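K.L.:
I am attaching a structure below and will ask some questions about it afterwards.
The values are calculated or read from the model by the stated rules, or taken from the named source; none is laboratory data. Just so it is clear, the structure is predicted and the values come from calculations on it, not from any experiment. Every residue, glycine among them, receives a Cβ derived from its backbone with ideal geometry; neighbour counts consider all protein chains shown. Side chains are part of the model used for accessible areas, which takes the heavy atoms of the whole protein and leaves out ligands, DNA and RNA. Shrake-Rupley method; radii C 1.70, N 1.55, O 1.52, S 1.80 Å.
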2 protein chains.
Amino acid sequence: MFTFVRKGLFTMDYQIRPALKTDMPAVLRLIQQLATYEKEPDAVEITVEDLENDGFGPHPIFKCHVLEKDQEVVGIALFYFRYSTWKGKTIHLEDLVIDLHHRHRGYGEALLKSVIAYAATQKVRRVEWAVLDWNTPAMKLYEKMGASILEDWNIVQMDRTQYLKVLK
Amino acid sequence: MFTFVRKGLFTMDYQIRPALKTDMPAVLRLIQQLATYEKEPDAVEITVEDLENDGFGPHPIFKCHVLEKDQEVVGIALFYFRYSTWKGKTIHLEDLVIDLHHRHRGYGEALLKSVIAYAATQKVRRVEWAVLDWNTPAMKLYEKMGASILEDWNIVQMDRTQYLKVLK
């Protein structure tokens, strides 16, 4: 386990740590907040129980770091491994969310750095994520941190209703 | 194990089956062919040994279906699980490749269907993948099959050189 701390002159301002099962209600609240920000408020079908089972069972399928301030979770970075046929094992950052009332304090960058620090320990060849093309503040942050933004890929999706039709 | 067969009037034309470790040289050849098609011929850093270790160890991190014709692997679909914070477990199709000399025979669609059939057995809420925005034949196929193409997301990447700089 690790913690990242950012120190003020004399005091610790916040803590970043791996999420615990008991954080999942707070994590879901931030997931829902992001969905609303991304103009898809009804898209979240997942439940706290899903997150608890999927992230903390015998074979966890995601990892999550939380940023805690004054004993409250105000930011999350949720990620997992992917596999590139060009580069091998990579880390995919699925969600990076800072609570609306705690923006513009460098928390997003600090959480992203915590994921990158984990990536370095795993020696993956790449860290990647997706960003909505109108989310200018996020894209500016990523570019400032040295990331490449690829604009020539489209994402293709089939939800269950769509893919079951293919099998008919 | 399963096989998909497509029958001509009297004969079996090809077979789709889960990849074996011994298929990995053929799989890498097709991965390289796709990278060249995608105008990134030097991007493939992965080796046959990587594919063998990553796909066939105690904890395989990808799955692969191959399309075999006349005892030769002429198509691959390589995929793995991802995790959506909205939908839960999903399947991501990383690479769908048909050998250049075997195009326009419905092999791509057949391989995609084999992945979708697997997705249905796993009850995932979504199957997804990425497509280059100039790859019109591929996009037409996906739309014909009922997929949604999302154009408002950009992909953000940091390779190891980029992300190590962030930690300095």
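K.L.:
Heavy atoms only, probe 1.4 angstrom, no DNA, RNA or ligands counted: give me A:T136, A:T90 ranked by accessible area, highest first.
P.N.:
Result, largest first: A:T136, A:T90.
K.L.:
Apply the Karplus curve 6.51 cos²θ - 1.76 cosθ + 1.60, θ = phi - 60°, to the phi angles in the range B:89-100 and return the couplings in whole Hz, x for Gly and Pro.
P.N.:
Result, ordered by residue: 4, 10, 10, 10, 8, 7, 9, 10, 10, 10, 3, 3 Hz.
K.L.:
So which residues in the range B:51-78 end up with at least 30 square angstrom less accessible surface once the other protein chains are there, compared with the chain by itself, probe 1.4 angstrom?
P.N.:
Buried on complex formation: B:I61.
K.L.:
Heavy atoms only, probe 1.4 Å: what % of the accessible area of chain B goes to carbon and sulfur, would you let me know?
P.N.:
52
K.L.:
Report B:E45's accessible area, 1.4 Å probe, all protein chains in place, as a number in Å² to the nearest 10.
P.N.:
Looks like 90 Å² after rounding.
K.L.:
If you draw the axis that swings chain B onto chain A, which residue of B has its Cβ closest to it, and how far is that in whole Å?
P.N.:
Residue plus distance in Å, as requested: B:R82, 3.
K.L.:
Which one of A:Y37, A:Q122, A:V48 has its Cα pushed farthest toward the positive end of the charge dipole of chain A, where Lys and Arg give +1 and Asp and Glu give -1 at the Cβ?
P.N.:
A:Q122
K.L.:
Send over a whole-number figure in Å² for the accessible area per residue of chain A, probe 1.4 Å.
P.N.:
About 51 Å² of surface per residue is accessible.
K.L.:
On a 20 Å Cα-Cα criterion, which of the cross-link pairs A:K113/A:K140; A:K87/B:K140; A:K63/B:K168; B:K39/B:K69 come out too long?
P.N.:
From the list (A:K113/A:K140; A:K87/B:K140; A:K63/B:K168; B:K39/B:K69), the Cα-Cα distance tops 20 Å for A:K87/B:K140; A:K63/B:K168; B:K39/B:K69.
K.L.:
Could I ask something else about it? Give or take rounding to whole Å, what are the principal axis extents of the alpha carbon atoms in the range A:21-71, in descending order?
P.N.:
34, 29, 14
K.L.:
Cut-off under 13 Å on the C-alpha distance; same-chain residues fewer than 8 positions from B:K123 excluded. Which aspartates and glutamates are left, in chain and number order?
P.N.:
Within the straight-line cut-off, B:K123 pairs with A:D159.
K.L.:
Okay, next question. Assign one of three labels to the range A:39-168, namely rounded, prolate or oblate, based on the Cα gyration tensor with a ≥ b ≥ c the square roots of its eigenvalues; rounded applies when a/c is under 1.5, prolate when it is not and a/b is larger than b/c, and oblate otherwise.
P.N.:
rounded
K.L.:
Quick one: accessible surface of B:H59, probe radius 1.4 Å, all protein chains present, in square angstrom to the nearest 10.
P.N.:
So the heavy atoms of B:H59 present about 140 Å² to solvent.
K.L.:
Oh, and also: Which ³J(HN,Hα) values, rounded to whole Hz and listed in residue order, are derived for the range A:42-59 from phi using the Karplus coefficients 6.51, -1.76 and 1.60 in 6.51 cos²θ - 1.76 cosθ + 1.60 with θ = phi - 60°, glycine and proline given as x?
P.N.:
9, 7, 7, 9, 6, 10, 4, 5, 4, 4, 5, 5, 6, x, 9, x, x, 10
K.L.:
Over the Cα atoms, compute the radius of gyration (one decimal) and Dmax (the largest Cα-Cα distance, rounded to a whole number) for the protein assembly as shown, in Å.
P.N.:
According to the Cα coordinates of the protein assembly as shown, Rg and Dmax are 20.8, 81 Å.
K.L.:
Return the calculated 222 nm mean residue ellipticity for the protein assembly as shown, to the nearest 500 deg cm²/dmol, obtained by summing -39500 (n - 2.57) across DSSP H runs with n ≥ 4 and dividing by the residue count.
P.N.:
-10000 deg cm²/dmol
K.L.:
Round to the nearest 10 and give me the degree value, 0 to 90, for the angle of helix B:24-37's Cα axis relative to the longest principal axis of chain B.
P.N.:
70
K.L.:
Can you list the aspartates and glutamates whose alpha carbon is less than 15 Å from that of B:K21, not counting same-chain residues fewer than 8 positions off?
P.N.:
Partners within reach: B:E49, B:D50, B:E52, B:D54, B:E68, B:E72.
K.L.:
Would you check the accessible area of A:I16, probe 1.4 Å, heavy atoms only, in square angstrom rounded to 10?
P.N.:
Rounded to the nearest 10, the figure is 0 Å².
K.L.:
Over the range B:40-168, what relative contact order in percent results from Cα pairs under 8 Å that are six or more residues apart?
P.N.:
16 percent.
K.L.:
Under unit Cβ charges (Lys, Arg +1; Asp, Glu -1), what dipole magnitude, rounded to 20 debye, does the range B:1-134 have relative to its Cα centre?
P.N.:
Result for the range B:1-134 is approximately 920 debye, rounded to the nearest 20.
K.L.:
Dipole magnitude of the range B:81-168 about its Cα centre, charges +1 at Lys/Arg Cβ and -1 at Asp/Glu Cβ only, in debye to the nearest 20?
P.N.:
380
K.L.:
Indicate the residues belonging to the range A:154-168 that lose 40 Å² or more of solvent-accessible heavy-atom surface (probe 1.4 Å) upon moving from the chain alone to the assembly of all protein chains, ignoring ligands and nucleic acids.
P.N.:
A:N154, A:I155, A:V156, A:Q157, A:M158, A:R160, A:Q162, A:Y163, A:V166, A:L167
K.L.:
Could you tell me the distance between the Cα centroids of the range A:117-168 and the range B:125-139, to the nearest Å?
P.N.:
14
K.L.:
Helix B:107-122 sits at what angle to the longest principal axis of chain B, using alpha carbons and giving 0 to 90 degrees rounded to 10?
P.N.:
Tilt of helix B:107-122: around 70 degrees.
K.L.:
Buried accessible area for the A:B pair, summed, 1.4 Å probe, in Å² rounded to 100?
P.N.:
6700
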